[in-house]
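Peer 1: What follows is a single structure, and I will ask about it in a moment.
The values are calculated or read from the model by the stated rules, or taken from the named source; none is laboratory data. Owing to the predicted nature of the structure, the values given are computational and were not obtained by experimental measurement. As a convention, Cβ positions derive from the backbone with ideal geometry for all residues, glycine included, and neighbour counts pool all protein chains shown. For the accessible areas, the whole protein counts, side chains as well, though only heavy atoms, and no ligand, DNA or RNA atoms are used. Shrake-Rupley method; radii C 1.70, N 1.55, O 1.52, S 1.80 Å.
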Amino acid sequence: MVSGEDQELLLGRHTPVLHEYAPQILYPIPRHLARQNLGLSDALPFQGVDLWHAYELSWLDKSGKPVVRVGRFSVPATSPNIVESKSFKLYLNSLNNSQFSCDEDARGTITTDISAVAGADVTLRLYAADDPALAGATLEGECLDECIIEPRRGEPDAIQLEVQLGNVVEEVLYSHLLRSLCPVTGQLDWATVWLHYRGSAIMHGSLLQYIVAYREHQEFHEQCLERMFTDISMRCDVDFLHIQAFYTRRGGLDISPFRSTDGNAQPLPRLNRQ
C-alpha cells in the first residue's frame, strides 16, 4: 500500500506553485495491491471508469490570453494505475502558462500525459465554465438515510450486510452518508453512494450501517468503491450490480468511480453536491 514515506508522493507535503509545464509531477498508484487485499485476480468481476471533473483547468491561447475550461476525465478501471489526486491538481496547474493554438491541442497534450501515468487510454471532454451539461444529476431510487441504525466503531465488513436469501429483488438505493479517510493524510473524504442491483434483498438498515462503517476507513476513493462492489456482490449473489460513489470536490477536483457487472453500463455524470 502507499504510505506517506514514499519520497515521490506529494500528499501531505508542502509543494510550491508550479509556473512551468511539469508532466513529471504526475504520480501513479498501482491498483493491484488493493485488489489483492480484496482477493481479486486479473480477471476482474467488474468493469467501469473513474470519472474526474477538473474545475481549475486553464492555459493560454496563441495570443497569450487565458482560457478556462472544465474537464471531464474518464480513466478506465482496467488501467494499471490510479492517478494520485494532488499530483493531478499540480500537473493541471502547471499548464497555466503554456500556450496552445486551440482546445484540441491542449486536450491532446493532457490526455497523452495522463494516459501515460494511468497506463491506459484516458479520455477528456472540455466544457465552457457555464455549460449546462455540467448540471448535477438527480439520483433515482430510495434514499437510505432515514433508516434507524446503531453506528458502531470499526471497519466495514461484508458480514454487516444482512440479506434475505431466496427473496430476489431489483432495486435502486443511495445514501449521502458515506465518509472515508485519505490513507496518507487522514483527511476526510465525503461522498454520496448509489447502487442498482438485482439479487438477494439487502436489509436497508444493514446496508446503511455498512456504509457508515467507512467513516474511519482509510483507503483511496476508487479502492473504497471496489471494496463495496466486492462485498455487496458476494453477499447478495447478484445477477447484476452497478455502483458509483460521488466524492465531493477537493483542490478543484472531484471523482466519481463507477463499477458494474455490465461493460455497457454508463456512469452518471456528477451531482450538485460535488
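Peer 1: Under 9 Å by Cβ, and 6 or more places apart or on different chains, what pairs join a residue from region 175-192 that is under 29 Å from His204 (Cβ atoms) and open to solvent by less than 40 Å² (accessible area, probe 1.4 Å) with one that is at pLDDT below 95 and part of a strand (DSSP E or B)?
Peer 2: Asp189/Arg250
Peer 1: Any idea which of Arg273, Arg235 is over 22 Å from Ala137 (Cα atoms) and open to solvent by 40 Å² or more (accessible area, probe 1.4 Å)?
Peer 2: Arg235
Peer 1: Okay, moving on. For residues in region 238-272 being at pLDDT 95 or above and of a type in the set (D, E, K, R), which is nearest to Tyr197 (Cα to Cα)?
Peer 2: Asp239
Peer 1: Additional query: Go through region 82-120 and report how many residues are open to solvent by less than 30 Å² (accessible area, probe 1.4 Å), outside any loop (DSSP other than H, G, I, E, B) and of a type outside the set (A, V, I, L, M).
Peer 2: 7
Peer 1: Tell me, which residue of region 174-191 that is aliphatic (A, V, I, L, M) and out of contact with any Cys (no Cβ under 9 Å at 6 or more places or on another chain) is modelled with the lowest pLDDT?
Peer 2: In this case the residue turns out to be Val184.
Peer 1: Going through His217, His242, His221, His176 one at a time, which residue ends up being within 25 Å of Ile255 (Cβ to Cβ) and either small (Gly, Ala, Ser) or in contact with a His (Cβ under 7 Å, 6 or more places away or on another chain) (or both)?
Peer 2: It is His242.
Peer 1: Considering only region 121-135, state which residues are farther than 28 Å from Arg31 by Cβ and either among the β-branched types (Val, Ile, Thr) or part of a loop (DSSP other than H, G, I, E, B) (or both).
Peer 2: Within region 121-135, Ala128, Ala129, Asp130, Asp131, Ala135 qualify.
Peer 1: Can you run down the residue pairs with Cβ atoms below 9 Å, 6 or more apart or on separate chains, where the first is in region 132-159 and open to solvent by less than 50 Å² (accessible area, probe 1.4 Å) and the partner is in a loop (DSSP other than H, G, I, E, B) and hydrophobic (A, V, I, L, M, F, W, C)?
Peer 2: From residues that are open to solvent by less than 50 Å² (accessible area, probe 1.4 Å), the pairs are Leu134/Ala128; Ala137/Leu268; Leu139/Leu268.
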